[in-house]
Amino acid sequence: MSVAKLSLAKLRDGQRVDYHADEAERAAVAERLDLLGLDRLEAVVTLRAEGEKVRAEGRLRASVTQACVATGEPVPATVDEPITLLFMPEPSGTADEEVELSAEDLDVIFHDGREIDLAAAIADELSLALDPYPRSAGAEDALKEAGVLSEEQAGPFAALAALKGK
């Protein structure tokens, strides 16, 4: 079942939502996240109403193909992560006013008081779960050929090692 937005008025406490992105949704998310492919994007969450807030806890699963940062070659990966989201009303006040969030509020998504966009929140969670620097098997050779130093060669101890012989 594809669930884009859930009405807060129809939400039941303890409601389980099985989200399976259809082909069009996966294509849109793949384009947004600059993925070469997104073969699967699904989540199972349980929703808990806490007044105007809604907590979603569950699991995100995806099969993605990213481009290698060094060669551009396809790098397949799977994502299987627990997720905890907190949907809460948009803060009232001016646009210039700062909103203080505690460490517990890091995965807060604001809603308009009518509905929550679970699909968008799941796509955001996927973006956070992706490897920011995917590397293919040939990445090290490509980087070496391009003159990029390895961590050991560029690190502070490499400079000390070079001084040791002098």
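Throughout, read-outs are computed from the coordinates displayed, never taken from laboratory work. All figures in this text were calculated on a predicted structure; none of them were measured in a lab. A quick note on method: Cβ atoms are made from the backbone with ideal geometry, for glycine too, and the neighbour counts reach across all protein chains shown.
Between residue 40 and residue 129, what is 0.36 nm times their sequence separation minus the Cα-Cα distance? Round to one decimal in nm. Please list the in-between numbers first.
Values: separation 89, 0.36 × 89 = 32.04 nm, distance 1.43 nm.
Full-extension gain reported as 30.6 nm.
If you plug each phi of region 16-28 into the Karplus form 6.51 cos²θ - 1.76 cosθ + 1.60 with θ = phi - 60°, what whole-Hz ³J(HN,Hα) values come out, in order, with x for Gly and Pro?
Result, rounded to whole Hz: 9, 10, 9, 9, 10, 5, 7, 4, 5, 5, 5, 5, 5.
Pop out the ³J(HN,Hα) list for region 110-116 in order, Karplus 6.51 cos²θ - 1.76 cosθ + 1.60 with θ = phi - 60°, rounded to Hz; leave Gly and Pro as x.
7, 10, 8, x, 10, 8, 10
Rounded, prolate or oblate for region 6-135? Axes are the square roots of the Cα gyration tensor eigenvalues, ordered a ≥ b ≥ c, and the cut-off for rounded is a/c under 1.5.
prolate
List the residues whose amide H sits under 5 Å from the amide H of residue 111, counting only those 5 or more places along or on another chain, with H placed 1.01 Å from N in the peptide plane.
88, 90
Give the calculated FRET efficiency between residue 120 and residue 71 to the nearest 0.05, with a Förster radius of 45 Å applied to their Cβ-Cβ distance.
Working: r = 32 Å, r/R0 = 0.70.
Approximately 0.90, to the nearest 0.05.
Taking R0 as 22 Å, what FRET efficiency do you get between residue 31 and residue 52 from their Cβ-Cβ distance, rounded to the nearest 0.05?
0.10
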